[in-house]
Amino acid sequence: MIQIDLTGQVAVVTGGSSGIGLATAELFLKAGASVAICGRDSERLAHAEAALRERYPQAPLLAARCDVLDAVDVDAFALQVQTRFGRTDMLVNNAGQGRVSTFADTTDEAWREELDLKYFSIIRPTRAFLPMLRDAAGAGNASIVCVNSLLALQPEPHMVATSSARAGVQNLIRSLAVELAPQRIRVNSILIGIVESGQWRRRFDTQAQPGQSWEDWTGELARKKNIPLGRFGRPEEAAQALFYLATNLSSYTTGSHIDVSGGNARHV
Ligand code: NDP
């Protein structure tokens, strides 16, 4: 991987206590950035913080409990980052999860929950961190990167609400990119297919046959889903794409996305 020195820059990763977010936080720390992560579950957050501190004992790291759907929590998180680090250069909107449901079994309430999660997990942190991002833009790099899914372009009926919300969010990201470009804040996304992470580990726990290994279960799923690279992605593979889009390595890229789906996209 290309080496880049991020000393003096601050990266904020929502949902940084597990999976893709945690792997992304680690990449930023490795490159010398100060990093702030958040999540709702204090125990999971403490565990992630301890793991990062063990690997990067001197690293400037802030781990804060925050539900990105709660405006008060998000403002408090932004204030903590401002107080501790004084700036934000890169915001990674990663927090969230998918919903498995067909049109027939998605209630009005479930639709609202899903739309709320997908939209406001981007809207609230973006709004709260925007003043700091504007300040950072003058220093040469200010960016927002959102974790989105290939479902935005290639919907799947068994995840109807998630697919639909993700398409809307991709549209929102485009608008944000254009609105914020004159302020020199870049906005991009990654579209992921299936990445091994906390939510898939939880699905494995409930769905795997007795005695079936993680490798067998994920391999079978990858085959069923016709993923050309024949396997799930790893959190660090999604993290590397996020890192590229967040940093100056992608200084002339905005309103764009990177596909991290193992070749699963069917469109040209
Ligand atoms: P994980 O479950 O491993 O990580 C999700 C992270 O988000 C956790 O840190 C979780 O912490 C946090 N989180 C969830 N909801 C909130 C919330 N409301 N406020 C703050 N933090 C929250 O899953 P992934 O790493 O796979 O997921 C990362 C992103 O990638 C998600 O947005 C997910 O929807 C998306 N994605 C993942 C795919 C995959 O195959 N893995 C496919 C498509 C998209 P806590 O629960 O403690 O709050």
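The values are calculated or read from the model by the stated rules, or taken from the named source; none is laboratory data. Values in this document were obtained by computation on a predicted structure and should not be read as measured data. Every residue, glycine as well, gets a Cβ built from its backbone with ideal geometry; the counts of neighbours run over all protein chains shown. Surface areas here come from the heavy atoms of the whole protein model, side chains and all, with no ligands, DNA or RNA. Shrake-Rupley method; radii C 1.70, N 1.55, O 1.52, S 1.80 Å.
Does region 98-123 hold any residues that are farther than 18 Å from Val169 by Cβ and open to solvent by less than 60 Å² (accessible area, probe 1.4 Å), and which are they?
If the condition is that a residue be farther than 18 Å from Val169 by Cβ and open to solvent by less than 60 Å² (accessible area, probe 1.4 Å), then Thr102 is the only one that fits.
Here are some residues: Leu69, Leu153. Which one is under 29 Å from Gly262 (Cβ atoms) and within 14 Å of the ligand (Cβ to nearest atom)? Give the derivation first.
Values: Leu69 fails: under 29 Å from Gly262 (Cβ atoms).
The match here is Leu153.
From the list Val178, Val195, which residue is of a type in the set (A, V, I, L, M, F, W, C) and open to solvent by 40 Å² or more (accessible area, probe 1.4 Å)?
On the way: Val195 fails: open to solvent by 40 Å² or more (accessible area, probe 1.4 Å).
Every option except Val178 fails the conditions.
Would you call Asn171 in the same structural domain as Thr14 (by TED's automatic domain parsing), without any contact (Cβ under 8 Å) to a residue 60 or more places away in the chain and surrounded by fewer than 18 Cβ atoms within 10 Å (Cβ to Cβ)?
Details: in the same structural domain as Thr14 (by TED's automatic domain parsing): yes; without any contact (Cβ under 8 Å) to a residue 60 or more places away in the chain: yes; surrounded by fewer than 18 Cβ atoms within 10 Å (Cβ to Cβ): yes.
Here the answer is yes, as Asn171 does meet what is asked.
Could you tell me whether Leu79 is part of a loop (DSSP other than H, G, I, E, B) and in the same structural domain as Ala36 (by TED's automatic domain parsing)?
no
Within region 135-150, which residues are within 16 Å of the ligand (Cβ to nearest atom) and farther than 21 Å from Gly193 by Cβ? Steps first, answer last, please.
Residues of region 135-150 within 16 Å of the ligand (Cβ to nearest atom): 144-150.
Residue satisfying the conditions is Ile144 alone.
Going through region 85-134 one residue at a time, which ones are more than 11 Å from Ala161 (Cα to Cα), assigned to a strand (DSSP E or B) and within 16 Å of the ligand (Cβ to nearest atom)?
The answer is Leu91, Val92, Asn93.
Does Leu22 satisfy the condition of being open to solvent by 20 Å² or more (accessible area, probe 1.4 Å), in contact (Cβ under 8 Å) with a residue 24 or more places away in the chain and aliphatic (A, V, I, L, M)?
Details: open to solvent by 20 Å² or more (accessible area, probe 1.4 Å): yes; in contact (Cβ under 8 Å) with a residue 24 or more places away in the chain: yes; aliphatic (A, V, I, L, M): yes.
It is true that Leu22 is open to solvent by 20 Å² or more (accessible area, probe 1.4 Å), in contact (Cβ under 8 Å) with a residue 24 or more places away in the chain and aliphatic (A, V, I, L, M).
What is the residue count in region 48-75 for residues that are assigned to a helix (DSSP H, G or I) and either surrounded by fewer than 15 Cβ atoms within 10 Å (Cβ to Cβ) or in contact with a helix residue (DSSP H, G or I) (Cβ under 6 Å, 6 or more places away or on another chain) (or both)? So that I can check it myself, show each step before the final result.
First, the residues of region 48-75 that are assigned to a helix (DSSP H, G or I): 48-55, 71-75.
When the remaining residues are screened for being either surrounded by fewer than 15 Cβ atoms within 10 Å (Cβ to Cβ) or in contact with a helix residue (DSSP H, G or I) (Cβ under 6 Å, 6 or more places away or on another chain) (or both), the result is 48, 50-51, 53-55, 71-72, 74-75.
Adding up the residues that qualify gives 10.
Looking only at region 224-244, decide whether some residue is at pLDDT 95 or above, part of a helix (DSSP H, G or I), more than 29 Å from Asp89 (Cα to Cα) and assigned by TED's automatic domain parsing to the domain that holds Thr88.
no
Rundown of residues vs (1) among the hydrophobic types (A, V, I, L, M, F, W, C); (2) closer than 21 Å to Pro228 by Cβ; (3) touching a Phe, Trp or Tyr at 6+ places or on another chain (Cβ under 8 Å), yes/no style:
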site	(1), (2), (3)
Gly140	no, no, no
Val145	yes, no, no
Ala152	yes, yes, no
Ala161	yes, no, yes
Ile173	yes, no, no
Leu180	yes, no, no
Leu191	yes, yes, no
Ser213	no, no, no
Trp217	yes, yes, yes
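Return the pair list, or none, for Cβ contacts closer than 7 Å from residues in region 37-58 that are free of Cβ contacts under 8 Å to residues at least 24 places away in the same chain to residues that are within 11 Å of the ligand (Cβ to nearest atom) and open to solvent by 90 Å² or more (accessible area, probe 1.4 Å), at least 6 apart or on different chains.
Going by the 7 Å Cβ cut-off, the qualifying pairs are Ser42/Arg65.
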